[in-house]
Structure formats: C-alpha cells, structure tokens
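Please read the structure below before turning to the comments.
The values are calculated or read from the model by the stated rules, or taken from the named source; none is laboratory data. Note that the structure is predicted; figures quoted are calculated from it, not measured. Cβ coordinates were reconstructed from backbone atoms using ideal geometry, including for glycine residues, and neighbour counts include every protein chain displayed. All accessible areas refer to the heavy atoms of the entire protein, side chains included, with ligands and DNA or RNA removed. Shrake-Rupley method; radii C 1.70, N 1.55, O 1.52, S 1.80 Å.
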Amino acid sequence: MNAGSALKPLRSLLPVLVILALIALVPLFSPSNRFLSLAISAGINVIALYGLSVLFGQTGILSMGHAALVGVSAYAAAILARDFGVGFWVALPVAAVASAIFAMIVGVPSLRVGGHHFVIMTFAFGQLLAIVLTNGGDYTGAATGLDIAGPVTLFGADVTELTRYYLMVVAFVTVAAVASWAIIHSSYGRTLRAIRENEKLAASLGINVGRHKIGAFVVSGVFAGVSGVLLAYFLGHISPSQFSSFPSIYLALMVMIGGARLIEGPLAGGILVAFLPEVLNLDPVQSRIVYGICLIAVIMLLPDGLIGGIVRALRGLFAGKAKQEAERDAAPSEARR
Amino acid sequence: MSPILAISGLSKQFGGVTALAGVDLAIEEGEILGVVGPNGSGKTTLFNVVTGVHKPSGGTVLFRGRDITGLAPHAISRAGIGYTFQQAMAFAGLGVLENVQIAGEHARAGGTANPWPTPQALLDFVGLSALGGEKAGVLPFGSLRLLGLALALATRPSLLLLDEPAAGLNDRETTALVGLVRQLPGHGITVCVIDHDMKLMQMLCRRLAVLDFGSKIADGPTEAVLADPKVLDVYLGGDL
Ligand SMILES: Nc1ncnc2c1ncn2[C@@H]1O[C@H](COP(=O)(O)OP(=O)(O)OP(=O)(O)O)[C@@H](O)[C@H]1O
Ligand SMILES: [Mg+2]
C-alpha cells in the first residue's frame with residue numbers, strides 16, 4: 001500500500017476533527033451555563049451514537065434498546081462509587097466492560113433469531129432493565145435512582161466545573177469519532193459492511209456472520225458504556241426512566257437523522273436533536289412531534305441521513321469535480337496489488 | 001483414490017416436500033462433474049445441504065474424509081468448498097475489487113496454489129479488472145455472475161460448486177465462462193456444476209449425475225447418461 005492510499009481515509013476524518021476543534025473553542029465566547037449543559041448532554045449522546053453508527057451504519061442492525069447499555073454503565077459507575085469508593089477513571093473502563101458484557105448477554109440470543117427480531121429483542125431487554133432497576137430496592141435506588149457524588153479530577157485538577165467538563169466531553173467525543181473511523185477503515189469494518197450488504201453471501205465466503213454481529217453489538221456497548229459513566233458523573237443523579245424506551249428511540253432517531261454511515265453523522269444528529277427544541281422554543285410534546293416528522297422525512301427523502309443528503313447535494317453541484325475525484329480515488333486501490 | 005467429496009444417503013425435507021430422498025454421490029479429485037435434472041428435482045437443495053445453507057434431514061457428507069455434515073456455511077467455506085449461488089449475487093453497495101478483497105480475507109490459510117492469486121489477479125482472470133472501481137450493484141448481469149465466480153475463487157477452494165453459472169449469460173459470455181471453468185482443475189480446483197444447458201454440460205463435463213424428484217437416477221460418462229432411456233424419459237418433451 002502506498003502513502004497516497006493510506007492518507008486517503010485520513011482525509012475523511014479531517015472535517016470532523018476540524019469541527020471538533022471549533023467546538024472546543026466555544027468556551028472562549030463565554031456561553032451560558034444552560035448552553036454548556038445542553039452541549040455536554042449532546043456530546044455524551046454523540047459518544048454512544050458513534051457506537052451505534054458502527055452497529056447500524058456498518059453492520060446494518062438497529063438497536064432499539066441502546067439507552068439500556070448506557071444505563072448499565074451509569075448504574076455500574078454509581079454503585080462502584082457508593083460501595084467501593086471507586087472514582088471516575090477506574091469506573092470508566094470497568095463500567096464500559098459491564099456494558100459490553102450486557103451487550104453480549106442481549107446479543108447472543110437476539111442475534112441468533114436474526115433480522116427484525118433483533119430490534120424487538122433489544123427493545124424488550126431495554127424495558128426489562130428499566131423494570132429491574134425500578135424494582136431493585138435500595139441497591140438500585142428503585143424508581144428514584146441513585147446519586148453519584150465525588151469530583152472528577154484530571155491531572156490533579158477538578159474538572160467537575162462546567163467548562164472543564166465540557167472540554168473533557170469534547171475530548172471523549174474526539175476519541176469516539178477516531179475509534180469509529182478506525183473501525184470503519186479497518187478490514188473488520190469491511191467485514192461488517194459485507195454482512196450488512198448480504199449475510200448469505202458473507203457466510204458462504206467464510207465470514208462467521210453471527211459472531212461478527214454480536215461483536216459489533218459488543219463494540220457499540222463499549223461506546224455506550226463510556227457515555228454512561230460520563231452521564232452519571234455529569235448529572236450526579238440517575239434513575240431508570242433515563243434508560244428506558246424513549247431515550248433508546250431518541251438515540252436511534254439521532255443516528256438516523258444524522259446519517260449512520262458517515263463519520264460526521266453522529267455528531268450532526270446528536271447536536272441537532274439536542275439543540276433543535278431550544279432553537280425553535282418547543283415544549284417536550286411539540287419536540288417529539290417535530291422529531292417524528294423529521295424521522296419520517298429523513299427515512300423517505302434522505303436514506304443516508306442529513307449529512308449524506310448534504311454530501312449528495314454538494315456532489316450534484318460539483319458533479320464534474322466529484323467525478324474527477326472518484327476517478328482519482330479509484331486509481332490507488334487498483335494499483336494495490 | 002478416495003473421492004474429494006463423498007455424499008451418502010443425503011436427504012432433505014421441507015415440511016411435507018421431499019427435496020432430496022437419500023442421494024449418494026462421489027466427486028472425484030480433479031474432475032468437472034455435472035449435475036442435471038428437471039426443475040425442482042433437488043439440484044440446488046443438494047448444494048445447499050452440502051454447503052450448510054440448509055441442515056440435512058439425514059445422511060452424511062465427507063470432504064476429504066472429514067465429516068462436514070451440518071456445519072455452518074462459513075465453516076464449510078473455510079474447509080475449502082466454494083459455492084456460487086443460482087441467484088447471482090455480490091455485495092452490491094461495495095466496490096467490485098473490495099468485494100473480492102473481502103472474500104479473500106476470511107479464507108482458510110493455504111489453498112492448493114501458493115501463493116494464491118491476489119484479488120486483482122482474480123478480477124483479471126474473470127475479465128473484470130477494468131471494473132474494479134465500480135460499485136458491484138451497477139454491474140450488468142453477466143459481469144455479476146463472473147464476479148460471483150471471482151468471489152468463490154478468492155476463498156481458495158479445492159472444491160467449487162457452481163449452480164447454473166451460465167444462466168442469463170449471452171453466448172459470448174457463456175463461451176468465456178466455459179474457458180474459465182475448464183482451467184480450474186489445472187489449478188487444483190475440483191468442480192461440480194449444475195446447469196440445464198446440455199450443450200454446455202457436454203463441453204464441460206466428462207461425467208454427469210441426474211436427479212429426479214430428489215433421487216439420483218443416473219450417474220456416469222456424459223454420453224452414456226444422455227443416451228440412458230431413464231434419463232430420456234425424464235426429459236421427454238424437454239430440451240434434450
Ligand atoms: N427453502 C425451501 N423451502 C421450501 N421448499 C424448498 C426450499 N428450497 C427448495 N424447496 C423445494 O425443494 C424442491 C427442490 O428444489 P430445488 O431448488 O433444489 O430444485 P432445483 O433442481 O434446483 O430446480 P431448478 O432447476 O428450478 O433450480 C422443490 O420442490 C422446491 O420447491
Ligand atoms: Mg436450482
């Protein structure tokens with residue numbers, strides 16, 4: 001492989017890195033606390049969305065219980081802090097692994113039945129988790145949930161303060177984006193896309209379809225896990241309803257609106273869904289209606305999501321240039337013998 | 001010499017339908033064996049059961065002496081059996097070259113020829129090298145069939161099962177395909193091919209097996225089988 005073809009995928013990462021760098025500069029304009037809080041929530045969602053984009057965008061399977069995976073790690077972080085005095089940085093990997101294990105427990109039976117059943121199974125597991133948490137007595141704090149106290153420190157500095165937490169979340173979003181990009185451009189990502197395109201053919205070519213689907217779900221669980229720990233420490237209090245069906249549907253909606261296959265998609269979807277009600281001044285009921293309409297519009301008009309649609313529109317505008325690029329792009333891969 | 005594939009008593013029921021009724025068939029190393037029979041006689045089912053797409057209702061399949069009965073499709077592919085489906089298919093949303101790269105990445109190590117041809121060389125072999133950068137979904141039907149062949153070859157098979165590889169191809173494409181398939185035994189790949197086109201089968205196969213209602217009714221040298229009254233009976237009014 002020559003340097004040119006190695007650099008080509010890097011180019012696709014660049015726009016996201018530039019956008020994230022700009023987002024990291026926002027505190028310079030002394031934004032309101034409300035803005036920062038919204039942005040932090042959006043960022044925490046975006047981390048989970050990058051996992052969902054590997055699952056849905058690459059592998060073609062949709063989880064309708066993804067908030068449950070976020071919830072597992074949020075609760076794990078809270079319980080670790082309460083019972084073992086474990087802090088943020090230790091809870092982070094432990095809780096991420098907990099989410100990954102939960103994903104495997106859900107994934108093994110669900111993915112075996114295959115196809116549309118997976119959507120229903122993940123939805124059911126999500127509901128089940130909310131029920132278990134609600135009925136978990138003092139251990140899970142029942143319907144009230146759990147408090148999670150304790151500062152988050154980084155290199156000795158307290159990052160619990162809003163602006164610092166914001167910057168830390170932006171850093172985690174960056175890591176999530178790069179990780180998702182690396183997966184997409186690896187041979188593993190290619191295997192997942194093959195499964196998305198045609199399972200029967202993939203299996204006939206030696207791909208263990210079931211194992212890779214479970215693997216993709218587990219990978220998405222790790223992203224969800226990181227998201228959950230950040231959420232628990234940000235909110236300081238978690239409760240079962242945060243991880244039930246509506247939040248799960250919202251996550252699926254965000255990734256679809258943004259576009260699951262492109263690296264900019266999760267970022268766009270997460271930001272849009274977080275800020276749209278604020279910008280349009282909608283109450284919760286109105287915003288649900290607007291999201292519903294958005295989702296239908298995206299599914300019908302923009303199969304690759306908003307970002308995919310914008311890219312396509314730009315391609316249309318610069319058709320000649322895009323064609324040239326496509327030809328240039330094809331060249332190095334052909335030379336790769 | 002023991003056969004590369006030994007099928008014995010293989011049966012398959014779909015609900016009340018008996019698609020295979022206890023078939024015995026041996027494929028010899030290095031040959032191109034033809035399997036023919038009327039529509040619905042169980043040819044595709046035979047391949048599907050051998051490659052793990054369907055679980056057999058009974059019987060055994062030995063590949064180089066190893067029992068592979070009922071293994072998952074990916075395991076059978078990795079054991080060294082390639083399969084092209086009756087329905088031509090590829091990963092439509094992915095590039096043509098990328099398709100072949102994927103197919104090669106999950107193959108068993110080794111293979112008969114060493115080193116195995118690269119994905120690009122396989123595209124050259126089937127005559128699609130100029131289309132490597134295209135999306136597989138935009139290929140014309142004939143090219144899609146050839147891509148299917150390249151995909152199966154990329155898995156480094158020592159036995160290749162082709163289900164109606166020439167269906168939907170024009171004369172020129174069919175001739176090209178015959179040329180390609182004939183080369184395979186020379187590269188260490190045994191072939192078993194299903195087709196309805198008897199001219200094609202006569203060109204390719206020195207031996208034919210005939211299925212009718214899920215049973216094997218004839219098996220032997222092509223000319224003898226095609227002159228067999230039982231076979232003529234099955235094809236009465238057909239295209240023989
Ligand atoms: N998945 C399935 N479910 C139910 N019945 C099936 C299935 N696959 C095949 N059959 C039935 O099994 C019998 C054999 O079908 P098969 O496809 O093996 O025939 P074939 O010889 O390949 O025919 P053709 O020449 O038309 O391709 C038919 O009666 C068919 O309807
Ligand atoms: Mg058939």
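Could you tell me which of A:Gln242, A:Phe155, B:Gly40 has its Cα farthest along the dipole of the protein assembly as shown towards the positive end, charges placed at Cβ (Lys, Arg +1; Asp, Glu -1), taken about the Cα centre?
A:Phe155
Accessible area per residue of chain B at 1.4 Å probe, in Å²? Display every interim value, and only then the final one.
On the way: 9530 Å² over 240 residues.
Accessible surface, normalised per residue, equals 40 Å².
Accessible area, 1.4 Å probe, largest first: how do A:Glu199, B:Glu223, B:Glu173 sort?
So the residues, ranked largest to smallest area, are B:Glu223, A:Glu199, B:Glu173.
Calculate how steeply helix A:187-197 sits against the longest principal axis of the alpha-carbon atoms of chain A, using the helix alpha-carbon long axis, and give the answer as 0 to 90 degrees to the nearest 10.
Roughly 80 degrees, rounded to the nearest 10.
Could you grab the relative contact order for chain A? Cα pairs under 8 Å, six or more apart, rounded to a whole percent.
31 percent
Full-extension gain between A:Val113 and A:Val290, please, as 0.36 nm times their residue separation minus the C-alpha to C-alpha distance.
That pair, A:Val113 and A:Val290, stretches by 60.4 nm at full extension.
Where nothing but the Cβ of Lys and Arg (+1) and of Asp and Glu (-1) is charged, how large is the charge dipole of region B:5-234 around its Cα centre, in debye to the nearest 20? Don't skip to the end; give the middle numbers.
Details: 17 positive and 20 negative charges, 91 e Å.
Roughly 440 debye, rounded to the nearest 20.
With labels modelled as points extended 7 Å from the Cα through the Cβ direction, what inter-label distance (nm, one decimal) is found for A:Ile105 paired with A:Leu25?
Here the answer is 4.6 nm between the modelled labels.
Which angle between 0 and 90 degrees, to the nearest 10, do you get for helix A:3-24 versus the longest principal axis of chain A when only C-alpha atoms count?
Long axis of A:3-24 versus the principal axis of chain A: about 40 degrees.
Which of these, A:Ala21, A:Ala274, A:Ala68, has the largest mean-square fluctuation under a Gaussian network model of chain A (Cα springs below 10 Å)?
A:Ala21
I want the local charge near B:Ser2. Using Cβ-Cβ distances under 12 Å, sum +1 for each Lys or Arg and -1 for each Asp or Glu among the other residues.
Computed value for this residue: 0.
Short version: which residues of region B:91-109 lose at least 30 Å² of accessible area, all chains versus chain alone, 1.4 Å probe?
SASA drop of 30 Å² or more in region B:91-109: B:Phe91, B:Leu94, B:Leu97, B:Glu98, B:Gln101, B:Ile102, B:Glu105, B:His106.
If amide H atoms are built 1.01 Å from N in the plane of the peptide, which residues on other chains or at least 5 residues away come under 5 Å of the amide H of B:Ser11?
When sequence neighbours closer than 5 places are left aside, the close amide H contacts are B:Gly22, B:Val23, B:Ser57, B:Gly58, B:Gly59.
What angle do you read, to the nearest 10 degrees and between 0 and 90, between the alpha-carbon axis of helix A:209-235 and the longest principal axis of chain A?
50 degrees
Using +1 at the C-beta of Lys and Arg and -1 at the C-beta of Asp and Glu, which of A:Val222, A:Gly316, A:Pro9 has the Cα lying farthest in the positive direction of the dipole of the protein assembly as shown?
Going by the charge dipole, the pick is A:Pro9.
Specify the residue with the greatest mean-square fluctuation among A:Met168, A:Met121, A:Met300, computed from a Gaussian network of chain A linking alpha-carbon atoms under 10 Å apart.
Evaluated over chain A, the most mobile residue of the options is A:Met300.
Tally up the carbon and sulfur contribution to the accessible surface of the protein assembly as shown as a whole percent, 1.4 Å probe, everything protein left in place.
Using a 1.4 Å probe with all protein chains present, the protein assembly as shown comes out at 64 percent carbon and sulfur.
In a GNM of chain A with a 10 Å cut-off on Cα contacts, which of A:Val94, A:Val219, A:Val54 has the highest mean-square fluctuation?
A:Val94
With +1 assigned to the C-beta of every Lys and Arg and -1 to the C-beta of every Asp and Glu, and no other charges, what is the dipole magnitude of region B:113-199 about the Cα centre in debye, to the nearest 20?
Numbers: 6 positive and 8 negative charges, 39 e Å.
The dipole of region B:113-199 has a size of about 180 debye.
Please give, to one decimal in nm, the separation of the simple spin-label points placed at B:Gln13 and A:His237, each 7 Å out from Cα toward the Cβ.
6.3 nm
Rounded to the nearest 0.05, what FRET efficiency do B:Phe213 and B:Asp67 have when you use their Cβ-Cβ distance and R0 = 35 Å?
Working: r = 27 Å, r/R0 = 0.77.
Computed FRET efficiency for B:Phe213 and B:Asp67 comes out at 0.85.
Please get the size of the charge dipole for chain A, origin at its Cα centre, with Cβ charges of +1 on Lys and Arg and -1 on Asp and Glu, quoted in debye to the nearest 20.
Rounded to the nearest 20 debye, it is 1140 debye.
Which entries in B:Lys55/B:Lys199; B:Lys55/B:Lys216; A:Lys200/B:Lys135; B:Lys12/B:Lys216; A:Lys213/B:Lys43 show an alpha-carbon gap greater than 24 Å?
Result: B:Lys55/B:Lys199; A:Lys213/B:Lys43 exceed 24 Å.
Mean separation of Cα pairs under 8 Å and 6+ residues apart, divided by the residue count of chain B: what relative contact order is that in percent? The partial results should precede the final answer.
Details: 490 pairs, mean separation 61.4, N = 240.
Once normalised by length, the contact order is 26 percent.
Before rounding to the nearest 500, sum -39500 (n - 2.57) across all DSSP H runs of length at least 4 in chain A and divide by the residue total; then give [θ] at 222 nm in deg cm²/dmol. List each step's numbers first, then the result.
Values: 15 runs with 255 residues, N = 337.
Result for chain A: -25500 deg cm²/dmol, rounded to the nearest 500.
Mind checking which of B:Pro165, B:Ala136, B:Pro56 is farthest towards the positive end of region B:5-234's charge dipole, using Cβ charges of +1 (Lys, Arg) and -1 (Asp, Glu) about the Cα centre?
So the residue furthest toward the plus end is B:Pro56.
Ignoring ligands, DNA and RNA and using a 1.4 Å probe, state the total buried accessible area between A and B in Å², rounded to the nearest 100.
2200 Å²
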